Protein chains: 2
Amino acid sequence: MDIKSLIRDVPDFPIKGIIFKDITTLLKSARGLKTASEELLEFAKGKHINKVVGIESRGFIFGCLLAEKLDAGFVPIRKPGKLPAETLSETYTLEYGEDKIEIHKDAIEPGDKVLLHDDLLATGGTMEAAAKLIERMGGEIIQISFLIELNFLKGREKLKKYDVHSLIQYDSE
Amino acid sequence: MDIKSLIRDVPDFPIKGIIFKDITTLLKSARGLKTASEELLEFAKGKHINKVVGIESRGFIFGCLLAEKLDAGFVPIRKPGKLPAETLSETYTLEYGEDKIEIHKDAIEPGDKVLLHDDLLATGGTMEAAAKLIERMGGEIIQISFLIELNFLKGREKLKKYDVHSLIQYDSE
């Protein structure tokens, strides 16, 4: 099944000049959802992963599916103010300004074997910050996976020391 | 397995006086995640559901797990401005002010058999608005499910005409 054909290009979202890769057309296909999650599982299985960490909010989707398939727990990383208990946070730089993500302090235990997941690898800033959070808590990052990778933004360079996988790649906009 | 014991009470979140039911302590348990999703599946299986609709963002978690288990597609309902393509929206009333949710116009087809899912049933306003969106598109709401129901807020009264299920109930704060 050609997963990539189920991704929709939406021009000028969220701002003029950007072509947004819309995954909702993949998700609403029962076969698309199952095939994509099974293919992401292929990267991760047999590696004794016990926690899958997904980044808000599209990273929750395949993050949860992977967690359950791997018999692992699921941990959300969220925007500031969304997690109710004590958190750790990391700030990262955007093209204009900066942003912040948070994780619960008790979400990862030292020695946890972690799969980090998000839907899209663009410049890699969010995932780099997420990886720092996991390592500050003593977690071991076994793998980082994405549904989509925008090769031309070279986000992979920020994640060089990790085992990085993506299911769908785009070489240009 | 006692799922309810894995839910954590966080006092004074998001505002003073509220006791927040934190599901992250359930999600990070591999057994908790699997048991809760299997129990939610029991309510829904055998009903020929072909779309599961989850409400941003905690509703995505078990929404996706249910979609895949039911061989259905997954559809997100989101806060305004998050979905990239053409949307329908519904406004609903909160204690102070109002809020709005959106769904992609092409997400539901007439005759789709829909399971609507969210993590928490409180006053029921969000879910009532979500149900309206599905029905405006011609979808048939087969079931509405929640991980947690706060009985004392009587949200179920707003959803009387539907088949409503919840896994964990609280009779008082």
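No value in this document is a laboratory result; all are computed from the given coordinates. The model shown is predicted, which means the values in this text are computed figures rather than measured ones. Here the Cβ is made from the backbone with ideal geometry for all residues, glycine too, and neighbour counts use every protein chain on show.
Tabulated results
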read-out: Count of segment B:138-155 residues which are under 26 Å from B:H104 (Cα atoms) and surrounded by fewer than 18 Cβ atoms within 10 Å (Cβ to Cβ); value: 2
read-out: Count of residues meeting criterion [of a type in the set (D, E, K, R), surrounded by fewer than 21 Cβ atoms within 10 Å (Cβ to Cβ) and free of Cβ contacts under 8 Å to residues at least 40 places away in the same chain] in segment B:12-55; value: 8
read-out: Residue in segment B:135-147 that is among the acidic types (D, E), touching a Lys or Arg at 6+ places or on another chain (Cβ under 8 Å) and under 26 Å from A:G59 (Cα atoms) present; value: no
read-out: Residue check for B:I19: of a type in the set (V, I, T), within 11 Å of chain A (Cβ to nearest Cβ), within 16 Å of the chain's Cα centre (by Cα) and within 19 Å of A:L83 (Cα to Cα); value: no
read-out: Meets criteria (within 17 Å of the chain's Cα centre (by Cα), more than 22 Å from A:D171 (Cβ to Cβ) and facing another protein chain (nearest Cβ under 7 Å)) for A:S29; value: no
